[in-house]
Amino acid sequence: MTRYGLFILLVSLGPCWAMTRFFPANVQVGDMQAFNARELVVDKQHKVCAPNLRVYSAMNTLLLSNYVPQTAKVAFVLDPQGRVLKLWLLHPREISHLQKCQEMSPEKICLPQLYAR
């Protein structure tokens, strides 16, 4: 296989690897109704954004605050002061997996977890 063939193979497999995201153990999930750079509304509760807020798209790329949609299903992590530190826009596959899992056990958040040692 030539170098270019190997490159094309790796590029074509790239999106398959990017579809599995791991979330921190303290992640929360909700429906975002509004967003601006300083605050957002999740499940009808106002949340203040941390100054170093990172917003990840459904494809796990960083988004600038002016490209974040106003409504979306999101996962988020709060900092010790209760401000939103990280925000992930969920992919439709993650949303369907979450809904199926919550039907089986409603009290549990069923996203791939990344546990700290």
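Rule-based calculations on the coordinates, nothing more; no lab input. Quantities reported herein were computed from a predicted structural model and do not represent experimental measurements. Don't worry about glycine lacking a Cβ; one is built from the backbone with ideal geometry, like all the others, and counts go over all protein chains shown.
Key figures for this structure:
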quantity: First in segment 19-46 and in contact (Cβ under 8 Å) with a residue 60 or more places away in the chain, second anywhere and outside any strand (DSSP E or B) and not polar (S, T, N, Q), Cβ under 6 Å, 6 or more apart; calculated: Phe22/Pro112; Phe23/Leu111; Ala25/Tyr115; Val29/Ile109
quantity: Hey, Leu89 touching a Ser or Thr at 6+ places or on another chain (Cβ under 7 Å), under 26 Å from Gln102 (Cα atoms) and crowded, with 17+ Cβ neighbours inside 10 Å or not; calculated: yes
